[in-house]
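The structure under discussion appears below in the form of structure tokens.
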Amino acid sequence: MHDIGKQFENELDKHNWNKNYQQLIKTAFADPEVRALIAAHHDELTTADLKRSASKVYEFVTVKNQLKAGQTTLAPGYVPQLQVVDHSLEVSYVPGQQLQEQQKQAQLQQRMQLVNLPRALRRAQLANFEVAGRQAAAVAAVNFVKAYLDSPQTFHQGLYLSGSFGVGKTYLLAAIANSLAAEGYRSLLVHFPSFAVNLKNSIGTDRTRNLTEKLKNAPVLMIDDLGADQLSSWIRDDVLGIILQYRMQEQLVTFFSSNLSLKELQDGYLTINNRGEAEPLKAQRIMERIRYLAQEIRMVGRNRRNS
Ligand code: ADP
Ligand code: MG
């Protein structure tokens with residue numbers, strides 16, 4: 001096989017190019033990866049082709065060496081690739097392993113939207129969920145994820161996780177959302193009491209409407225900590241009621257977590273409004289929607305906060 005790289009070197013020597021430049025180009029063409037590529041394509045490349053590609057080869061080797069030396073490059077995170085395209089050598093940039101990982105993480109984050117909830121929930125994993133005392137919840141969570149991934153377009157009943165403070169209700173919701181995100185599905189987790197306060201503080205603004213629309217339309221909605229505040233009739237009927245009604249009609253998956261059992265939710269939180277008035281019929285209407293959308297699972301166990 002005639003060595004076209006060698007031939008190109010001779011060609012370089014013949015020109016009156018600046019000695020320095022010649023040396024740089026020679027070194028670049030001596031790079032083993034470059035040599036291998038040229039050897040593999042020797043029948044497509046003439047010395048003229050190589051000459052035309054000199055700056056590309058130089059760029060490729062320079063960036064490659066910068067990366068090797070841990071220096072920052074013009075396109076951080078991207079790795080250069082040298083290819084033969086139409087009788088020329090061309091450099092293209094592809095995301096490096098670290099960048100790919102970052103991009104994957106960013107996608108996951110986009111798929112799992114947190115509203116007024118701690119970022120640490122992004123790390124919640126079903127695999128790390130300590131099952132002791134919470135078998136029913138763990139099994140229900142795994143079954144849900146399986147069923148959802150099997151047929152994401154059909155309606156699946158979500159879970160209403162009830163149990164005392166710190167048993168891991170929010171953690172489990174986030175772990176389910178992460179499992180869905182890993183497979184490409186979007187969900188929205190909202191801390192309901194904070195959402196209600198935000199709404200009251202921004203009545204009638206675009207932000208209110210946008211947030212409410214988001215809650216109505218999220219493919220999977222997880223309403224966290226329902227029952228932890230005092231409910232106004234407005235939030236109950238015109239916000240929560242409307243959102244749940246819509247989700248029921250549209251057959252959208254909805255989860256809840258609460259310190260209250262369904263019965264406690266109905267008899268207290270939803271019935272007695274923040275002015276102390278009892279509105280059992282209104283409560284019943286909301287309850288019908290919750291019961292349609294989710295199955296109650298009681299969670300017991302120790303308080304894991306600060307342990
Ligand atoms: P709840 O929502 O029921 O009040 P959390 O989900 O906030 O409880 O859990 C309380 C704390 O315990 C959090 O710091 C959470 O990260 C941690 N935690 C809960 N469940 C688990 C678990 N199964 N494995 C590891 N940590 C957990
Ligand atoms: Mg919680």
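The values are calculated or read from the model by the stated rules, or taken from the named source; none is laboratory data. Treat the numbers as computed from the prediction; the structure is a model and nothing was measured. Cβ: placed from backbone, ideal geometry, glycine included. Neighbour counts: every protein chain shown. For the accessible areas, the whole protein counts, side chains as well, though only heavy atoms, and no ligand, DNA or RNA atoms are used. Shrake-Rupley method; radii C 1.70, N 1.55, O 1.52, S 1.80 Å.
Report note on the peptides 160-166, 94-100, 112-118, 35-41: ranked by the mean count of other C-beta atoms within 10 Å, highest first, their order is 160-166, 112-118, 35-41, 94-100. Placing R0 at 25 angstrom, the Cβ-Cβ distance between Lys216 and Ala147 gives a FRET efficiency of 0.65 after rounding to 0.05.
Averaging the sequence gap over all C-alpha pairs within less than 8 Å and six or more residues apart, then dividing by the number of residues, gives the chain a relative contact order of 17 percent.
Of the solvent-accessible surface of the stretch 51-111, computed with a 1.4 Å probe and all protein chains present, 49% belongs to carbon and sulfur. For the chain, the antiparallel share of DSSP beta bridges with both residues in that region comes to about 30%. Work out which helices of the chain, taken as complete DSSP H runs, extend at least 18 Å along their axis over the Cα atoms and score a mean Kyte-Doolittle of 0.0 or more, then list them. Qualifying helices, which must be both long enough and hydrophobic enough, are 135-150, 169-182.
Tell me, what does the Kirkwood hydrodynamic radius of the stretch 4-95 come to in angstroms if you use every pair of distinct C-alpha atoms?
Mean inverse Cα-Cα distance, inverted, gives 13.5 Å.
At an R0 of 30 angstrom, the distance between the Cβ atoms of Asn303 and Asn198 translates into a FRET efficiency of 0.65. Taken per residue, the accessible surface of the chain reaches 54 Å², heavy atoms only and a 1.4 Å probe. Shape descriptor for the chain: Rg over Rh equals 1.28 (Cα atoms; Rh from the Kirkwood inverse mean 1/r).
For the stretch 208-248, pairs of C-alpha atoms spaced more than 13 angstrom apart make up 55 percent of the total.
Placing a pseudo-label 7 Å from each Cα along the Cα-to-Cβ vector at Trp234 and Ala106 gives an inter-label distance of 3.9 nm. A straight line joining the Cα centroids of the stretch 16-53 and the stretch 186-211 runs 61 Å.
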